[in-house]
1. Being charged (D, E, K, R) and either in contact (Cβ under 8 Å) with a residue 12 or more places away in the chain or part of a loop (DSSP other than H, G, I, E, B) (or both) is the filter here, so list the residues in the stretch 330-351 that pass it.
2. Pick from Glu54, Glu24, Glu95: which is farther than 21 Å from Glu359 by Cβ, modelled with pLDDT under 90, part of a helix (DSSP H, G or I) and not assigned by TED's automatic domain parsing to the domain that holds His487?
3. Tell me the residue from Ile352, Ile388, Ile338 that is crowded, with 23+ Cβ neighbours inside 10 Å, over 16 Å from Arg101 (Cα atoms) and out of contact with any Leu (no Cβ under 9 Å at 6 or more places or on another chain), please.
4. Evaluate the following for Arg317: is it free of Cβ contacts under 8 Å to residues at least 12 places away in the same chain, within 30 Å of Ile389 (Cα to Cα) and among the charged types (D, E, K, R)?
5. Could you please find all residues in the stretch 436-471 being of a type in the set (Gly, Ala, Ser), assigned to a loop (DSSP other than H, G, I, E, B) and under 34 Å from the mean Cα position of the chain (by Cα)?
6. Of everything in the stretch 311-337, what is among the aromatic types (Phe, Trp, Tyr) and modelled with pLDDT of 95 or more? Give them in sequence order.
7. If only one of Leu81, Leu117 is out of contact with any helix residue (DSSP H, G or I) (no Cβ under 9 Å at 6 or more places or on another chain) and either within 29 Å of Asn164 (Cβ to Cβ) or not basic (Lys, Arg) (or both), which one is it?
8. Being modelled with pLDDT of 95 or more and not in a helix (DSSP H, G or I) is the filter here, so list the residues in the stretch 359-404 that pass it.
Amino acid sequence: MAFEAKLSRNDMIRCALCTDAPCEKACPGQLPEKLLRSIWFDNSRAAAAGLPAENSCAGCPAPCEEACVRPGEVPIRNLILRLYDQVKPGAELFEAGGNDRLKTDLCGVPLENPFLLSSSVVASTYDMCARAFEAGWAGAAFKTICSMDIQEASPRFSALYGSNRDMIGFKNIEQLSDNSVEENMEIFRHLKANYPSKFILASIMGNTEQEWGELAALCEENGADAVELNFSCPNMTEEGLGSDIGQNPDLVETYTRRVKESCSIPVLAKLTPNVASMIPAGEAALRGGADGLAAINTIKSITGVNLHTYVAEPSVRGKSAPGGYSGRAVKPIALRFITELAQDPALSGLHISGMGGIETWQDAMEFMILGAGSVQVTTAVMQYGYRIIDDLISGLDYYLLENGFANVREVVGLGLSSFSESTDALNRDTVLFPRFDKDRCIGCGRCSVSCGDGGHGAIVFSEDRRPKLNGSRCVGCHLCVLVCPEHAIRPGSKRINRK
């Protein structure tokens, strides 16, 4: 896919992704809001494929831009014109969601698509789950059920932001469901009665081996389709719970076995990333009878410190503590653990439900290509709402259609054979030089600065403000490719290093 064949978030960075968007109300054709959201979530090709045949923006004075909550700061008309002119010609027309391409299963239980809410505040009440199901989510891992008295801290969230105030990392010190077990069982019954085709994954945490079994049995009796064992919450106030269990393979095996003896529905062990390797816990869960694994939960973190009070964030009456880190910043770590689990021969055949930084359909595809059979989302929903499911579904559906896949199951694990556990297996005899696109280059010189101060001094910035490559010094590291703000540097020719 050519770079020009899609638009990206950078093209509309000032868009606030409004609820009940004023731009859409002002548009005679009622176009902008969903289209802008699709661009934001890397889904411009599917959006362009579904555009009306008539381009109503061509002669429009763009009242949408004046109605915007940031008037004049979002080039709405230009974005839609580019969808028509640059993207639509190369996009096939299709009916998103109107086929069986996205249908899959979790341990044999049917899913209408691979997208679930992960166990958290986004799936903690009947109303929230119902609205999510109506929006198109295939199911939900309900916020962890326990018999403990849960009292949350306030505030309990903090975040890291990019230079444009785009949230890239999120910390929480939240614990488990503060509903009683009986209240949660009533929610399950009502959800299953009103949404029988939706998947209910009951996340549970017990204090004792007996309690793990009792909670699993109750969840099955009240309509849960599967049970997820929370061996991974990093925020528990008592020792021996949450991630403390996930760091102890013996406990993982013991509690998993007890749950399997107590219910007949599938059992998933949700593993902690606060370990060097998930393999010991994953294999322990398998020995205990687990039907699948879920990963990753949040990573213990400190996101920042107030320079005036000297207290880490979030500050709770002058005190703080490590909390669980999530969001797009953790995706690389999550993908590493998913790949580790999927490549372990001992775990072959276990369903992996992947999570950790999934925000777009492309994020989800990366998890599936590396072995996840389903995906779960929380932080992106907390930031943008349940409505992101529209672009998760249509973007994935379009990708499958465009690449000739009949069903989403066909992509699971496709990338595993190309991934090596060690860098020893990588070819070191070839240098892949960068290539400069003169038409896209704006002459900023960022590539020269980065190469000179952080690379090998292989880029000369000429008097005409154009980069030139010194091939004798270039080692093909591609730092310049990454730092270019205009994506004007791409892989070019190769050189074979002969000994």
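1. Going residue by residue through the stretch 330-351, those that are charged (D, E, K, R) are 331, 336, 340, 344.
Hits for the stretch 330-351 are Lys331, Glu340, Asp344.
2. Details: Glu54 fails: part of a helix (DSSP H, G or I); Glu95 fails: part of a helix (DSSP H, G or I).
Unique residue meeting the criteria: Glu24.
3. Ile388
4. So Arg317 does not fit the description; no.
5. Gly445, Gly455
6. Phe337
7. Going through Leu81, Leu117 in turn, just one is out of contact with any helix residue (DSSP H, G or I) (no Cβ under 9 Å at 6 or more places or on another chain) and either within 29 Å of Asn164 (Cβ to Cβ) or not basic (Lys, Arg) (or both): Leu81.
8. Across the stretch 359-404, the qualifying residues are Glu359, Thr360, Leu370, Gly371, Ala372, Gly373, Ser374, Val375, Gln376, Val377, Thr378, Gly385.
The values are calculated or read from the model by the stated rules, or taken from the named source; none is laboratory data. On a predicted model such as this, the values are computed, not experimentally measured, just so you know. Ideal geometry is used to build each Cβ from the backbone, glycine not excepted, and the neighbour counts take in all protein chains shown.
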